[in-house]
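What follows is a single structure, written as structure tokens, with notes after it.
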Ligand SMILES: NC(=O)c1ccc[n+]([C@@H]2O[C@H](COP(=O)([O-])OP(=O)(O)OC[C@H]3O[C@@H](n4cnc5c(N)ncnc54)[C@H](OP(=O)(O)O)[C@@H]3O)[C@@H](O)[C@H]2O)c1
């Protein structure tokens, strides 16, 4: 019997995810080697600070501060880029791909910024790039889109892709607590970064939406071409008002394509979801995604979207695919890392074609005639009001007005809000939430 193939792995970045991958590969080595039919060697790892104390122990000789030495080491077959960022991470990724190696990445920011270059480099030099851990952590969403749902055209994908935001929103709702207090708690518990803006302003979700839109539709749409809004202006009162209307509030990425016009829309927005929708009930740091394909209908995916173990699980699944590729070549069973076919006639949907119902919260002077003025502005922009709720305001002499609308579009609602913000009776910039009447 021939001895099993030996596959050598290098880990660039020995932080949360890198150590998780090392730990679980070591712990599950025997099982993985049996399942994969290959001997796995964890050769080296890199970190910036070699003196830092780390929970996962590693022989000093195996730890380097030079990730490029790992990426270019001819003995290493699989390079895991687990550093983050778009500078050195790009260099490491391209150096490995140029040498025909397999790169496994969890880095959505890098893929969003340089995906086209990375996949072109892989194609040109015979390298391969796997990135299951970059979106929705431990949920095998990329595999589902690429393999399980390969027969489908994706009319709509939407989901909760940022666990930090979902944790904050859940806590605000459950504890009736203001955003700033919950954010401070989230930082203390390590659920939010010291600089929280990437998460709470929606950019991390936008990076992931960009990766999903490319996988589903073959078009790179960067965050600066999306509608991206964060969660920082939501208040506990919004949850109460939403509940009286029968909704919860979630930060969603929504990717839609109209296959008759080939217009694609990608947006990241806090959204009212009907209480009966499964995603409306996904709490805490969990992620959840709804994928609608033209053949399969709607499928749902729920699980841990981040954290050491869940992310390591996704990285190791990519390592397993990489091992299969090294053992068997691009076999018939292997959907692998082919880039999706580019869509030549796809384009971004213009704002007037992105339609929704809306929730508008206004802080207004508590005076007669204000509601009539607001209603006339909305009528001028052809936005039709569905309901009006007046709540008391913390501000003396002010009232909080929540208006929901019938279906309108982004251009009309944008013009309406600009007009409303200019009224002397409107005291603060309006808050706008989309109403996602998604029933599955
Ligand atoms: N954490 C998660 O739950 C999660 C989930 C999904 C995806 N991801 C992605 O996984 C990647 C890694 O995240 P992480 O949370 O593991 O980050 P992390 O804990 O900050 O670890 C980053 C590692 O890379 C090293 N590093 C960073 N910059 C470097 C540089 N310029 N030169 C050399 N080494 C450098 C760090 O060295 P030191 O240790 O010496 O500082 C550290 O070992 C990111 O792309 C992230 O977006 C993370």
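Couple of notes before you dig in:
- Pair list, Cβ < 8 Å and 6+ apart or interchain, from region 47-64 residues that are within 14 Å of residue 26 (Cα to Cα) to residues that are in a loop (DSSP other than H, G, I, E, B): 56/14; 58/14
- Hits in region 5-23 - residues which are touching a helix residue (DSSP H, G or I) at 6+ places or on another chain (Cβ under 8 Å) and more than 14 Å from residue 58 (Cβ to Cβ): 5, 7, 16, 17
- For region 287-301, the set of residues classified as more than 19 Å from residue 207 (Cβ to Cβ) and within 18 Å of the chain's Cα centre (by Cα) consists of 290, 292, 299, 300, listed by residue number.
- Residue check, residue 362 under 34 Å from the mean Cα position of the chain (by Cα), in a strand (DSSP E or B) and not assigned by TED's automatic domain parsing to the domain that holds residue 280: yes
- Any helices (runs of 4 or more DSSP H) falling wholly within region 10-117 and containing at least 3 residues that are within 11 Å of the ligand (Cβ to nearest atom): 16-27, 67-71, 88-98
Conditions (1) closer than 21 Å to residue 303 by Cα; (2) in contact (Cβ under 8 Å) with a residue 24 or more places away in the chain; (3) touching a strand residue (DSSP E or B) at 6+ places or on another chain (Cβ under 9 Å), marked per residue:
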site: 125; (1), (2), (3): no, yes, no
site: 130; (1), (2), (3): yes, yes, yes
site: 138; (1), (2), (3): yes, yes, yes
site: 147; (1), (2), (3): yes, yes, no
site: 151; (1), (2), (3): no, yes, yes
site: 160; (1), (2), (3): yes, yes, yes
site: 173; (1), (2), (3): yes, yes, yes
site: 176; (1), (2), (3): no, yes, no
site: 180; (1), (2), (3): no, no, no
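- Among the residues making up region 176-215, a single one is closer than 25 Å to residue 131 by Cα, away from the ligand (no atom under 16 Å from the Cβ) and in contact with a helix residue (DSSP H, G or I) (Cβ under 6 Å, 6 or more places away or on another chain): 215.
- Test for residue 289: is it assigned to a strand (DSSP E or B) and surrounded by fewer than 21 Cβ atoms within 10 Å (Cβ to Cβ): no
- Every residue from region 221-240 that is within 16 Å of the chain's Cα centre (by Cα) and surrounded by 17 or more Cβ atoms within 10 Å (Cβ to Cβ): 221, 223, 226, 227, 228, 229, 230, 231
- Scanning region 292-321 for residues that are within 16 Å of the ligand (Cβ to nearest atom) and in a helix (DSSP H, G or I) returns 308, 309, 310, 311, 312, 313, 314, 315, 316, 317, 318, 319.
- Options 185, 199, 204; residue that is surrounded by fewer than 21 Cβ atoms within 10 Å (Cβ to Cβ) and either touching a residue at least 24 places away in the same chain (Cβ under 8 Å) or not assigned by TED's automatic domain parsing to the domain that holds residue 105 (or both): 185
- Subset of region 26-39 [in contact (Cβ under 8 Å) with a residue 12 or more places away in the chain and within 14 Å of residue 57 (Cβ to Cβ)]: 26
The values are calculated or read from the model by the stated rules, or taken from the named source; none is laboratory data. Note that the structure is predicted; figures quoted are calculated from it, not measured. We place every Cβ from the backbone using ideal geometry, glycine too, and count neighbours over all the protein chains shown.
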